[in-house]
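See below for the structure under consideration.
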Amino acid sequence: EMKDNEVVRVTSPLSWKNKWGDRADTAKGHGGLCVRGRFGFQFIDSQMRLQQPLVRQNGKLVETPWLDTIDSLVTRLADIKAKHGPQAIAGLITARCSNEELYVFQKLMRAAIGTNQLDSSSRYGHLNFVRAMQHALGIGRMMNDSVDITKAKVILLVGSNMTETNPVASLRVKESLRVYRSQLIVVDSAQTNIAKLASHPLLVKPGTEGLFVQGLVKSVLEQDLIDAEATGKHPEAFAALKQAVAGFSLASIAKQTGVAVDQINEAAAVFAEAPRAVIICGEGIVRRPGGYHHVLTLVDLAWVTGKLGRPGCGINTVTEEPNEQGAVDMGAASEFLPGQARFEDEAARAKFAKAWGVELPAKGSEANLMDIVARCRSGEIKALYVLGENPLATFPASLGVRAALERLELLICQDPFLTETAQLAHFVLPACTFAEKDGTLTNQEGKVQRIRKSMEPIGESLPDWHVMAAIAGGLGFPMEYESSQDIQTEIMKLVPGYYNLGQPRKVEPTPESYLANGYKVEVGTRYRRSQEPSSPGNGERPFGLIMGQLLYHSGKLSTQASGLVNISPNSGRLHMSVEDMERMGLADGARVRVTSECGALELGVEGDRSVLPKSCFFPEHFNDPAVKDLMPVEIDSITGVPYFKLARVTIEKV
């Protein structure tokens, strides 16, 4: 609701009664809002919004007219391309952008500039899920819709505090418990609100969620709870899986995870025997070391229990940002073209090259997020175009992002706010928020949903696609779009059927090729890799430090919303278990020194009953104090996903 071009209230068109009733079907497209949507809108017309382009002159950012800014920017970008080639240029974009903007971004990079050094924030974890599901099942998104989840008899929720991170999606799980009397198995390293509702709350040591899933697979085999029809179709693959799990015992899993063998066996039996069962995984799987392999282990569990292809069953995920699925679908990842076609696929390359009238960058020339940071640091990349991302505030200091950005000859930041990264930029371009533009987003089910312009842009800010089209035109590659609808029309021609604004099309898993080709070698390596000692909870650093979201904050925009900051301000304190604080003689507000392999930091502490003993938690969206700089960074060798949400630390009273 608007008044004088300011947002005064955000509401859902449906009441709770209309939204739910007693049938899951009544809730399709229910339009519900989480607390961030209802109370976190003040960032839209924040006084901190950028209102004019800024250009660095004599070391300072100076307000400059749009035409002069684009002209100067294009000249410098073209000069770098002429001197060093297109491989000296890269781009990063947020998955908060619309599908149309994500499509234009990858087209700008690949067609106008000629580089495949590009990525989006889906690289932070969601691409582990997409890549693993594509590899194993030929599906690049979650398998079930919200109705399947609501009507499930058993829900296995692994590594997700979804009542805080995905509150609206969690309503589906709660409705399943209330109306359909489902059983809920929660595997997490914190006593979350959703765990309190679970029939089987299984609290594991930080970082062992994936290991626990291996324990479930082992238990299913030991208890002979397998689906004979599913496993009988691929006897060699099944034999390889049995051999892979023979190398460890449930007792060892119990010791490493902290969950008793009896509890593992009970959870495995409940899941295996359910006629309709769904798996939902979150950060504890996809954003922990080995995330890609952990998703494949979930596939193993679903396969041997006959849950692949059975109606109402499947493997699913929850994402942090609203359009991570759309980012992958639109090709805003170096390995994918639009429609999730692999970049090296000759037929797909030919189709897009013809449509865009260019020769695509060579196969093997791609660079993902981590490659881009490394190449900026080494000097190979001279120019970086950043849309809505803030790598300087996102990554730990150990990754050397500041040094990488400072070495660039040209840093362009396009954002609604002057972020930490933008403060280093040569050009800062003011971008619209979702409320000031039209477009579509793709939710985690794969459903395309519209966003409609509700207010005029703040100051001289422009939609991201408009700015990118202007840059492309300046580089001699006209993008003659007059609206986001023009971009949609182009996408529909190249990715037929994508804009099905009804329920997403049902997807059928095709594991046959995966199980018949190479599975025997891959599965043995995967289980052996996870069993190698990583010493979680070792004596040297006995605490697991976890960084994550809160109900009121996810990071980049919520901390600019006065309503949410008033509700949940930054206390600057480390959350510890009450038991650990009592044992160490700590009161709320006491100071401690936290030490990891990356350094040490002093800060206050507060008791939190959701935190388990030998664990501690700090909200990832607050950078004061800089707890994230204690986190080591590990990069997935297959997907390039960076892991920096978990560290082993010592905590000492100061």
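Only the coordinates and a few stated rules stand behind these numbers; no lab work does. Small disclaimer: the values here were computed from a predicted structure and weren't measured. Cβ coordinates were reconstructed from backbone atoms using ideal geometry, including for glycine residues, and neighbour counts include every protein chain displayed.
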Output ³J(HN,Hα) for segment 224-240: one whole-Hz value per residue in order, computed from phi by the Karplus curve 6.51 cos²θ - 1.76 cosθ + 1.60 with θ = phi - 60°, and x for Gly and Pro. 6, 9, 6, 8, 4, 5, 5, 6, x, 6, 9, x, 5, 5, 5, 5, 5
Sequence of His293, His84 once ranked by neighbouring C-beta atoms within 10 Å, starting from the fewest: His84, His293
Student exercise, the chain dipole from Lys, Arg, Asp, Glu Cβ charges, in Debye to nearest 20: 880
Angle in degrees between helix 126-137 and the longest Cα principal axis of the chain, rounded to the nearest 10: 60
Give, in nm to one decimal, the length gained when the segment between Arg583 and Gln223 is fully stretched (0.36 nm per residue of separation minus the Cα-Cα distance). 125.6 nm
Can you give me the convex hull volume of the Cα atoms of segment 131-238, divided per residue and expressed in Å³? 140
Of all C-alpha pairs within segment 242-386, those more than 20 angstrom apart amount in percent to 67
How many nm separate the modelled label positions at Glu409 and Ser378, each set 7 Å beyond the Cα in the direction of the Cβ? 1.8
Could you pull out every residue, at least 5 positions away or on a different chain, whose amide H is within less than 5 Å of the one on Tyr643? Hs are placed 1.01 Å off N in the peptide plane, and Pro or chain starts have none. Glu634, Ile635, Asp636
For segment 106-119, Karplus-derived ³J(HN,Hα) couplings (6.51, -1.76, 1.60; θ = phi - 60°; whole Hz; x for glycine and proline) come out as 5, 5, 4, 5, 7, 9, 7, 8, x, 10, 10, 8, 8, 6
To one decimal place, what Kirkwood hydrodynamic radius in Å is obtained for the chain from all pairs of distinct Cα atoms? 25.6
Nearest 10 degrees is fine. How inclined is helix 484-494 to the longest principal axis of the chain, computing both from alpha carbons? 60
Between Phe343, Ile155, Phe417, whose Cα lies farthest towards the positive end of the dipole of the chain when Lys and Arg beta carbons carry +1 and Asp and Glu beta carbons carry -1, centred on the Cα centre? Ile155
If Cys598, Cys432 are placed from fewest to most neighbouring beta carbons inside 10 Å, the sequence is Cys598, Cys432
Theoretical FRET efficiency, 1/(1+(r/R0)^6), r = Cβ-Cβ of Arg591 and Arg178, R0 41 Å, to 0.05: 0.40
Dividing the mean separation of Cα pairs under 8 Å (6+ apart) by the residue count of the chain yields a relative contact order in percent of 20
So which trypsin sites (Lys or Arg not before Pro) in segment 306-369 pass both tests, a DSSP loop state and at most 15 other Cβ atoms within 10 Å of the Cβ? Lys363
Gain in length, Thr75 to Glu652, computed as 0.36 nm per residue apart minus the alpha-carbon separation, to one decimal in nm? 202.3 nm
Segment 254-270 - phi-based ³J(HN,Hα) in whole Hz, Karplus 6.51/-1.76/1.60, Gly and Pro as x: 4, 5, 6, 8, x, 10, 5, 4, 4, 5, 4, 5, 5, 5, 4, 5, 4
At what distance in nm do the modelled label points of Lys255 and Ala82 sit from each other, each positioned 7 Å from its Cα along Cα→Cβ? 6.7
So if each residue of separation counts as 0.36 nm, and I subtract the Cα-Cα distance between Met492 and Asn193, what length gain in nm does that give? 103.5 nm
Say each of Glu480 and Ile638 gets a label point 7 Å from the Cα, pointing the same way as Cα to Cβ; how far apart are those two points in nm? 4.6
Neighbouring Cβ atoms within 10 Å as the yardstick, rank Ser170, Ser637 fewest first. Ser637, Ser170
